[in-house]
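Here is the structure we will look at, set down as structure tokens.
The values are calculated or read from the model by the stated rules, or taken from the named source; none is laboratory data. As the structure is a computational prediction, the values presented were derived from the model and not from experiment. Reconstructed Cβ throughout: ideal geometry from the backbone, glycine too, with neighbour counts over all protein chains shown.
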């Protein structure tokens with residue numbers, strides 16, 4: 001990631017701040033728990049300016065990745081994190097912009113030399129997806145084991161499915177809990193909270209404004225929340241032929257930037273990070289516009305997320 005100087009812009013008396021305008025790296029001395037936005041564009045179609053949804057939390061040098069949109073392995077490498085360190089994958093919900101490269105990330109780690117256990121977590125059909133991915137790639141896997149001397153891949157991967165919110169996992173670095181969020185027609189869909197010794201981070205997943213999310217995020221240091229620019233919905237629908245109910249889906253299943261501020265305020269978080277932008281990579285919607293919308297109801301720190309940005 002490129003290092004840049006952090007700049008902050010106060011908006012009136014709101015106390016909000018603009019995030020760095022380019023990716024940045026924070027030194028390890030800033031926090032043992034790192035938060036890196038790998039991809040910030042929402043939706044299943046590729047974007048020129050932004051990558052698909054994925055977020056990386058690193059605690060004591062152990063990575064925990066949330067969602068695996070298209071290109072997540074390349075974004076991981078661009079973030080200067082070794083692929084062979086892959087240990088935990090969390091899927092918020094089974095939409096293709098969040099799971100398309102789930103298996104490919106595992107394969108990329110294995111190709112890079114991964115030979116240790118990987119646990120994956122998320123809603124059904126995670127177990128079936130994992131099994132089918134290995135079946136689809138069986139020829140390549142068998143060939144590489146025979147030709148390159150690699151360890152068997154499938155025994156390394158342990159998927160864990162769940163349908164309800166609550167405790168997900170706990171290890172020496174972090175405690176992870178989940179809650180159900182509202183993302184019709186995809187059910188179940190989850191948000192996750194990561195509590196480490198020095199920092200608490202909540203990832204909203206895709207959701208309409210959610211009381212469950214407010215409860216999960218109560219008092220967290222950082223809330224990474226998906227963001228919809230409602231005035232752009234008609235144009236998005238017009239650009240996508242043969243999708244007569246797309247507009248209804250966008251309005252019913254996502255959270256406007258203004259409502260992101262309401263959720264953050266109700267939860268009492270310290271920092272709100274906007275991400276999973278819909279529309280993603282639209283230069284006509286400036287950082288100031290996203291900021292102004294969110295800051296109508298939230299007086300804490302607001303960050304407009306960028307691909308490969310590290311949030312200190």
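What the table below lists for this structure:
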{"quantity": "Condition met for residue 74 (surrounded by fewer than 17 Cβ atoms within 10 Å (Cβ to Cβ), within 25 Å of residue 204 (Cα to Cα) and without any contact (Cβ under 8 Å) to a residue 60 or more places away in the chain)", "calculated": "yes"}
{"quantity": "So residue 306, is it part of a loop (DSSP other than H, G, I, E, B) and either modelled with pLDDT of 95 or more or surrounded by 18 or more Cβ atoms within 10 Å (Cβ to Cβ) (or both)", "calculated": "yes"}
{"quantity": "Single residue of 52, 19 found to be within 21 Å of residue 78 (Cβ to Cβ), at pLDDT below 95, in contact with a strand residue (DSSP E or B) (Cβ under 7 Å, 6 or more places away or on another chain) and part of a loop (DSSP other than H, G, I, E, B)", "calculated": "19"}
{"quantity": "Number of positions in region 237-258 that are farther than 22 Å from residue 94 by Cα and touching a strand residue (DSSP E or B) at 6+ places or on another chain (Cβ under 8 Å)", "calculated": "1"}
{"quantity": "Members of region 102-133 that are crowded, with 16+ Cβ neighbours inside 10 Å and without any contact (Cβ under 8 Å) to a residue 40 or more places away in the chain", "calculated": "102, 103, 104, 108, 109, 111, 126, 129, 130, 133"}
{"quantity": "Number of positions in region 79-101 that are surrounded by fewer than 19 Cβ atoms within 10 Å (Cβ to Cβ), in contact with a strand residue (DSSP E or B) (Cβ under 8 Å, 6 or more places away or on another chain) and not in a loop (DSSP other than H, G, I, E, B)", "calculated": "1"}
{"quantity": "So residue 64, is it modelled with pLDDT of 95 or more, within 29 Å of residue 147 (Cβ to Cβ), crowded, with 20+ Cβ neighbours inside 10 Å and in contact with a strand residue (DSSP E or B) (Cβ under 7 Å, 6 or more places away or on another chain)", "calculated": "no"}
{"quantity": "Residue that is in contact with a strand residue (DSSP E or B) (Cβ under 8 Å, 6 or more places away or on another chain), free of Cβ contacts under 8 Å to residues at least 24 places away in the same chain and more than 26 Å from residue 112 (Cβ to Cβ), where the choices are 170, 193", "calculated": "170"}
{"quantity": "Any chance residue 183 is modelled with pLDDT of 95 or more, under 30 Å from residue 210 (Cα atoms) and in contact with a helix residue (DSSP H, G or I) (Cβ under 8 Å, 6 or more places away or on another chain)", "calculated": "yes"}
{"quantity": "When residues of region 55-68 are limited to those that are assigned to a loop (DSSP other than H, G, I, E, B) and under 16 Å from residue 98 (Cα atoms), the one nearest to the chain's Cα centre (by Cα)", "calculated": "67"}
